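Here is the structure we will look at.
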Amino acid sequence: MPDTIRAAVIGYGPMHHFGWAHCAWISNAAEFELVGVCDRDPERTEVARQDWPGIETWNDTAELFARDDIDLVSVVTPHFTHAPIAIEALRAGKHVVVEKAMCLSVAEATAMIEAAEEAGRTLAVHHNRRHDGNFRRIKQLVDEGEIGEVFQVDLEAGGYGDPSHGWYTEKAKGGGLLYFWGPHAVDWVLNLVGEPVTGVTGFFFKKVWDHVDIADHAKCVLRFESGCVAEVTYSRINAAPRPLWRVLGTEGAILDSGAPATKGYEHVISTPPQGSVKLIRVRDRGHRREEIEVPNLANDWDSYWRDLAGHLLRGAPVPVSGHDGRRTIAVFEAAERSSQAGVTEPVAYEEVR
């Protein structure tokens, strides 16, 4: 690998500006060079040329993969296309970053991992939301023992409203309701607790929105090796949402409403600290109680790309490996199996690295 990693982005669709965001993060990273953008829609590659003057563009991945001077591609396309594009890229000798959700199934994730191993190339999953300022603060407080031993983690998002959102709400393309926000939430929980999952119980409800084929309300409950329990909920029929985060420990708790912790995501490289979390400390078996607002840390999303450069150029760990991404997909699969069977299900590929 040369001193500069020449990269291209695959996918420049208008939804969420993710393609633009990847171009921005790559361009901002000192050891990366943004070479070009590939999208099958010529109108979108024309927009990319206007946004990033001087780049090359392609409307066929075969043209991009034939280029020997492209080291890495970042796949920013709908979920159902991630596995085939990533595998094709890896077999063409490219390192691959793939947006979350990594893919639709454990079988696809395994095929992607095996393709990377066979090609001797890196497969990384773009879980850069680990660098959200509120999550970074929560993890710091937990790791420093501020609330004692964590025994329950609750994460909830969504609300009440029509879930229609393009391909996200077609189950065959998006994966289902949990795949919308769940990739962030499950990855956060797995990263925060840092233990093997011993079982997942899932609950999926279809009550209101008949014009889409995904669930209206989805919940998965994870039990970890130590007995710690985490509950992740995403809903489009929740008229009374709870806080985004509630972390319970033997000596306190952490609460976070979630706003405005990550304002600007998809539109900026990073941000200064925004918002705060509430830290509740309980000492002397409840005789002393303290509640304080702790400012969030910065939203350091671009550090993912610095870490990736460290891996590719200097042998540092992959910031989020394919194995890490597969754990999240395995939780989704176990939750769906559980909801259908009415029992707690084990999780495939439950390695912790």
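Quick look at the values:
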quantity	calculated
Nearest-ten-degree value, helix 18-28 long axis tilted from longest Cα axis of the chain	80 degrees
Efficiency of FRET between SER27 and ALA259 - r from beta-carbon atoms, R0 30 angstrom, step 0.05	0.55
Around VAL35: net Lys/Arg minus Asp/Glu count, Cβ-Cβ under 10 Å	-2
Helix 42-51 axis, angle to the chain major axis (alpha carbon atoms, nearest 10°)	80 degrees
Accessible solvent surface per residue of the chain, calculated while the other protein chains remain in place, 1.4 angstrom probe, Å²	42 Å²
Gain upon complete extension [VAL208, SER226; 0.36 nm per residue less C-alpha separation]	2.7 nm
Furthest towards positive pole of dipole, ALA239, ALA119, ALA335, structure part the chain, Cβ charges	ALA239
Low-density loop positions, GluC sites (Glu not before Pro), the stretch 112-145 - DSSP coil, at most 11 other Cβ in 10 Å	GLU144
For the stretch 241-341: rounded, prolate or oblate by the Cα gyration tensor [a/c cutoff 1.5]	oblate
With Cα atoms, 0 to 90° folded angle of helix 106-119 axis to the chain main axis	50 degrees
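The values are calculated or read from the model by the stated rules, or taken from the named source; none is laboratory data. All figures in this text were calculated on a predicted structure; none of them were measured in a lab. No Cβ is skipped: glycine too gets one built from the backbone with ideal geometry, and neighbour counts run over all protein chains shown. For accessibility, only protein heavy atoms count, side chains too; no ligands or nucleic acids. Shrake-Rupley method; radii C 1.70, N 1.55, O 1.52, S 1.80 Å.
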